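The values are calculated or read from the model by the stated rules, or taken from the named source; none is laboratory data. Since this is a predicted model, take the numbers as computed values, not measurements. Here the Cβ positions follow ideal geometry from the backbone for every residue, glycine too, while neighbour counts run over all protein chains shown. When the accessible area is computed, the model is the full protein with side chains, heavy atoms only, and any ligands, DNA or RNA have been set aside. Shrake-Rupley method; radii C 1.70, N 1.55, O 1.52, S 1.80 Å.
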Amino acid sequence: MTQHLATPATAPASATAPAPADWWRDAVIYQVYPRSFADANGDGMGDLAGVRSRLGYLRDLGVDAVWLSPFYASPQSDAGYDVADYRAVDPMFGDLPDADALIADAHRLGLRIIVDLVPNHCSDQHPWFQRALREGPGSPLRGRFHFRPGKGADGELPPNDWESIFGGPAWTRTTDPDGTPGEWYLHLFAPEQPDFNWDDPAVADEFRSILRFWLDLGVDGFRIDVAHGLVKAPGLPDIGHGDQIRLLGNAVLPFFDQDGVHQVYREWRRILDEYSGGPGGHRIGVAEAWTPTVERTALYLRRDELHQAFNFQYLQADWRAEELREVIDRSLAAMRPVDAPATWVLSNHDVVRHRTRLGGEGEDGLRRARAATLLMLALPGSAYLYQGEELGLPEVLELPDEARQDPAFRRSRAGGDAEGQDGMRDGCRVPLPWSGSAPPYGFGPDPESPTWLPQPADWAAYTVEAQTGDPTSTLEFYRSALAVRRRHPALGAGDAVEWLPAPEGVLAFRRTAPDGTVLTCTANTGAETVLIDAPGRLLLASAEADAPAEGAFPLARDTTAWWTS
Ligand code: NOJ
């Protein structure tokens, strides 16, 4: 696949240019999944020193900020989303001085660092939970979690009918210190992830302190895991039906999106604001909130709450002009009353990579993925990229069962019920290929050391090394798109798009910067080439473009183009 690049790729924007305090409003934020990004110590598992060694790559790619998935002390029952110590780095990722050095280096390069915060649940190895188990019923430590006696004659049934998002009941029965079966505890995710009880003031106190700990270390913000789950409906009522399992779905449920969560974020906003003065600009909170509608998501972004929330409605949209236009309009309209930027995301560590999701397994998927990315980067607001999408990586569909580590996969297999589970989260978490022609493709220093998930044997063409300097590569395409986005004032900023008339299957909209500069984006989601009137000078296209014929431009299938006038 080639791309039409009418404007040469520019050098990366100056890393030292001062950024405005509200840098996050149009930031491109790159998600690093630390265990799969780069391995510095050669154990086949990515680490913080590995991330640090590749910060130059991220700066040159042209992103503004890096969000790191959890690297805290954890038994890794859910790849670090089960935290045993919120103030320590897990030895497999390094130590606190590594985190400190990573933040300092990133700042020197002009990159901001957002860390993951996991406040809905901790690890069952967290000292509070261990003490709660040891001390037995009645212990004040039990009040920090949701412990309940079971139902049935001997308490042998779970306290309510809630199901874990990873499959099976959301309750596990404990054994009392004397060896008899005891109370049950709630875990919306794996049994190794007990939910905190946010009605207990000790929990809120602890998280205020954890926020300050990382802010004092210099982080620029937090991505808040399961931000919609902290508060449960009073009395933990039954749902009454079994159709609950939605891996990060958006049904109305008594454990998600309860109004009480907003009080937590109002308090956190005050802390973030305390740290937001000075040259670093604002410290931000980003909600991972799966809510039934974008309007409910906007509630997390009121002026005294968080700054951004992932737009999962956009992520879930098909590659169809009509559907995309609807979700774009609805998202922008929902954000306007709260004056929050819209955010856009196509891939992350929980979903099938957008190349495969939108376009299946072949090269067509890549073509569509590039078109989808260019469309996303033209929208007003902030965009999230997931590591490896800039290399055009597909989802790895052929992982051997014994290699898979996603608890959702294991639990659905154990329960014999694969229905309703995606069971696919390992396929987007395969370690990145950096160089060379065989696994581990430069992921770590030791060519003999296997990566924690096996990499496909045919990934040589996807490495950073293979793609660098090749103007047709997906990596150079991302670099060009991000460079244009940085220097083009009509991109990112603002809160509206001006739709233009377009043939069926095509999206066309204009963005006008305050200085009058105009950028037009045209995206053909259909299966055929469509002739459009060229709306200016072609800046960048996601796929090769034929020469214009008498003013008409043939916009090929699954292609997005940016124009300036
Ligand atoms: C959302 C995270 O993105 C996912 O990876 C994790 O399994 C759940 N929250 C539970 O923490």
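Points to keep in mind about this one:
- Relative contact order (percent, whole number), the chain, Cα cutoff 8 Å, 6+ residue spacing: 16 percent
- DSSP-assigned coil residues among GluC sites (Glu not before Pro) in segment 374-405, each with at most 14 further Cβ atoms within 10 Å: 398
- In this simple spin-label approximation, residue 134 and residue 470 carry label points 7 Å from Cα along the Cα→Cβ vector, and these lie 5.7 nm apart.
- The alpha carbons of the chain stretch over 85, 55, 50 Å along the principal axes, in descending order.
- Carbon-plus-sulfur accessible fraction, the chain (probe radius 1.4 Å, protein heavy atoms only): 52%.
- Cα centroid separation - segment 501-565 against segment 122-147, whole Å: 58 Å
- For residue 274 and residue 295, a Förster radius of 30 Å and the Cβ-Cβ distance give a FRET efficiency of 0.50, rounded to the nearest 0.05.
- Residue-span extension gain [residue 437 to residue 403] - 0.36 nm each, minus C-alpha spacing: 10.0 nm
- Mean Cα-pair separation over length for segment 441-514, i.e. relative contact order, pairs under 8 Å, 6 or more apart, %: 17 percent
- Nitroxide proxy distance, nm - points 7 Å out along Cα→Cβ at residue 213 and residue 109: 2.6 nm
- Label-to-label distance for residue 60 and residue 458 is 2.8 nm, based on points extended 7 Å past Cα in the beta-carbon direction.
- Expected 222 nm ellipticity per residue - DSSP helices of 4 or more, -39500 (n - 2.57), all of the chain, to 500: -7000 deg cm²/dmol
- Take the chain with all the other protein chains still there, run a 1.4 Å probe, and you get 37 Å² of accessible area per residue.
- Computed from the C-beta positions of residue 85 and residue 446 and an R0 of 30 Å, the FRET efficiency is 0.55 to the nearest 0.05.
- Antiparallel %, DSSP beta bridges [both residues in segment 442-565], to 5: 100 percent
- Relative contact order (%) - segment 265-331, alpha-carbon pairs under 8 angstrom, separation at least six: 30 percent
- Backbone N atoms of segment 517-554 closer than 19 Å to the 7 Å Cα→Cβ label point of residue 498 belong to residues 517-523, 533-539.
- On the basis of the beta-carbon distance and an R0 of 41 Å, residue 518 and residue 199 show a calculated FRET efficiency of 0.20.
- Expressed to the nearest 5 percent, the antiparallel share of DSSP beta bridges inside the chain is 60 percent.
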